[in-house]
1. Would you confirm whether any residue within the stretch 80-100 is in a strand (DSSP E or B) and more than 13 Å from the chain's Cα centre (by Cα)?
2. Name the residues in the stretch 120-162 that are among the small types (Gly, Ala, Ser), surrounded by fewer than 17 Cβ atoms within 10 Å (Cβ to Cβ) and either modelled with pLDDT of 95 or more or assigned to a loop (DSSP other than H, G, I, E, B) (or both), would you?
3. Just to be sure, is Arg183 of a type outside the set (S, T, N, Q), exposed (fewer than 12 other Cβ atoms within 10 Å of the Cβ) and touching a residue at least 40 places away in the same chain (Cβ under 8 Å)?
4. Among the residues of the stretch 194-206, are any in contact (Cβ under 8 Å) with a residue 24 or more places away in the chain, of a type outside the set (Asp, Glu), surrounded by 15 or more Cβ atoms within 10 Å (Cβ to Cβ) and under 24 Å from His83 (Cα atoms)?
5. Just checking, how many residues over the stretch 40-79 are in contact with a Leu (Cβ under 6 Å, 6 or more places away or on another chain) and assigned to a strand (DSSP E or B)?
Amino acid sequence: MQTLGLVDPRPVTFALGNDIVDADGHGCGADDTHNGYERVFVTPELDGWTLILGAWCDPCGEERSEEVLRLCTELSAPYGQAHAYYYGGQGDGSAWLIAEQGTVIRRYCETGEGEDELLTLGEPLPYERARRVELGLTPDWDPVQESKDDEDEWRSASHDMAADLARSYGVSPLHIGPDTPSRGTGVVALTPYGVAHGVPAGAYRI
C-alpha cells in the first residue's frame, strides 16, 4: 500500500468494503466537495491476487487514467503483473489496463465516449483475440480499416468485457465466491485524495 500512497488502513468485511467504495463512487454530486476518489477497498489475497476496488483505480477516467497507468507500470516491476479495470454494471462500458514486468502490455476502453480510442495502447490480448474469433471477426484488426458492422459488433461485445477478461487472468470481483482461496483481512484505506479532503459521511452495512 505504501507504493500506492494508501494510508490509515481499517479492517472491514467484504460487505462493508464494497458498500463504502460503491457509495463513494456514486454518491458525489456536482456541488460535492468530494469526488469519489477518497477511499479504496483492499481485499485479502484472493487466489494469489490482491484487488483494490474503488473509483480511484479507474484506468479510463479523464482525471485518473495517466496516474493509474503509472502506478500499474511501477507495481508490475516487483510483482510481475498489475492490472486496472473499469466495469460499468449499469451499461456504462468497460476498460482494462495490463502491465507486466514494468511495461504496459495493453490499455483499451469501450465506454461509448468519443475519445475512447485515444486511450488504446499495445496489441490485443489473447482473450480479446479469442473473443473476436467467437464473434466471427478477425483476431487482429485495424479499426480504421474495419467495416462499420464489424466495428459495431466488437464495440458491443467489448462494452461488457472487463469482468470476464479479468477472470481469464485469475480473479474477477464479479466471480468471487466461498470457494475462492483467501488469505488475510480486507481493509479500507485512504488515498491521497482522502488525506487531502477527508471522506464523505455515510452509514453502511456491516
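The values are calculated or read from the model by the stated rules, or taken from the named source; none is laboratory data. Keep in mind the model is a prediction, meaning the values are calculated, not measured. Reconstructed Cβ throughout: ideal geometry from the backbone, glycine too, with neighbour counts over all protein chains shown.
1. Checking the stretch 80-100: at least one residue is in a strand (DSSP E or B) and more than 13 Å from the chain's Cα centre (by Cα).
2. Those that are among the small types (Gly, Ala, Ser), surrounded by fewer than 17 Cβ atoms within 10 Å (Cβ to Cβ) and either modelled with pLDDT of 95 or more or assigned to a loop (DSSP other than H, G, I, E, B) (or both): Gly122, Ala130, Gly136, Ser147.
3. Values: of a type outside the set (S, T, N, Q): yes; exposed (fewer than 12 other Cβ atoms within 10 Å of the Cβ): yes; touching a residue at least 40 places away in the same chain (Cβ under 8 Å): yes.
Answer is yes for this residue.
4. yes
5. Number of matching residues: 2.
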